[in-house]
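The values are calculated or read from the model by the stated rules, or taken from the named source; none is laboratory data. Please read all numbers here as calculations on a predicted model, not as lab measurements. Neighbour counts are summed over all protein chains in view; Cβ atoms, including those assigned to glycine, are modelled from backbone coordinates with ideal geometry. Accessible surface is based on the protein model in full, side chains and every heavy atom, while ligands, DNA and RNA are left aside. Shrake-Rupley method; radii C 1.70, N 1.55, O 1.52, S 1.80 Å.
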Amino acid sequence: MIAIVGTPVVASSGSASATLDSPALSTTNGNSLLVGCASQEGDFVGTTIDTVTDTAGNTFLPLTMQGSAGAGQIIRWFYCHNIIGNGANVASGAWSAATRYRHIIQIEFSGAKNQAPISEGGNAALGVSSCPVNIAMGSTVGAVFSMATSSNDRTWIPGTGFTEINDWGTSAAADYYTGFNATGTVTADMTPSAASNCSLVAVGFEQAGGPIIPPI
């Protein structure tokens with residue numbers, strides 16, 4: 001099974017800057033890393049989340065970047081398989097311009113196929129308490145990671161069947177789902193403590209070993 005290794009590390013900053021570093025995380029050769037970056041105000045001025053680098057020199061691939069038409073919040077995942085391990089790995093997110101209220105999370109996980117995600121995507125809406133993303137998993141065992149943010153300070157309730165990874169207690173949270181879903185689709189969603197301009201991104205990885213035959 002795909003499993004989170006150790007305890008993910010998080011950081012946030014309210015000051016204006018174009019970068020943000022995570023705390024150090026001890027990582028192991030051959031596992032996978034997922035780094036999420038978000039900010040509350042970047043989309044006001046067309047700022048983008050462009051790259052992630054780390055201490056070990058791993059190469060991260062970007063996934064869907066989601067904002068909501070200048071409403072403020074912006075969010076994106078980056079991933080790397082078969083990583084170079086590092087005893088004190090720091091992940092650094094880079095924005096196209098300085099923005100306030102930035103967040104970052106670094107997650108190490110094991111058990112995934114060394115390939116592109118099986119499905120990924122994002123959703124955003126204004127003044128809502130939900131912006132779900134459907135991740136098509138097919139007849140596979142795998143894991144779905146999701147991250148949400150809003151333009152206002154909010155706490156979050158994880159989606160149905162998901163386990164919380166972290167809630168920054170301001171404008172962002174992350175959760176995950178592992179296993180097999182008989183419908184072939186996992187719906188990633190998180191509920192903010194009050195309606196806001198919200199964005200959510202989600203990504204599904206297939207377990208190493210390939211698809212399974214669903215039970216009859």
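If we keep just the residues of region 182-196 that are open to solvent by less than 40 Å² (accessible area, probe 1.4 Å) and of a type outside the set (D, E), which is farthest from Q73 (Cα to Cα)?
Filtering region 182-196 for residues that are open to solvent by less than 40 Å² (accessible area, probe 1.4 Å) and of a type outside the set (D, E), the one farthest from Q73 (Cα to Cα) comes out as G184.
Out of the residues in region 132-143 meeting the condition of being hydrophobic (A, V, I, L, M, F, W, C) and surrounded by fewer than 23 Cβ atoms within 10 Å (Cβ to Cβ), tell me which one is farthest from S199 (Cα to Cα).
In this case the residue turns out to be V141.
Please state which one of A148, A125 is aliphatic (A, V, I, L, M), over 18 Å from M1 (Cα atoms) and over 17 Å from the mean Cα position of the chain (by Cα).
Just one listed residue meets the conditions, A125.
Of these, S171, S150, which one is at pLDDT below 90 and surrounded by 22 or more Cβ atoms within 10 Å (Cβ to Cβ)?
Of the residues listed, the single one that is at pLDDT below 90 and surrounded by 22 or more Cβ atoms within 10 Å (Cβ to Cβ) is S171.
Does A124 meet the test of being at pLDDT below 95, of a type in the set (A, V, I, L, M), crowded, with 20+ Cβ neighbours inside 10 Å and out of contact with any helix residue (DSSP H, G or I) (no Cβ under 7 Å at 6 or more places or on another chain)? Step through it out loud before you land on a result.
Details: at pLDDT below 95: yes; of a type in the set (A, V, I, L, M): yes; crowded, with 20+ Cβ neighbours inside 10 Å: yes; out of contact with any helix residue (DSSP H, G or I) (no Cβ under 7 Å at 6 or more places or on another chain): yes.
So A124 passes the test.
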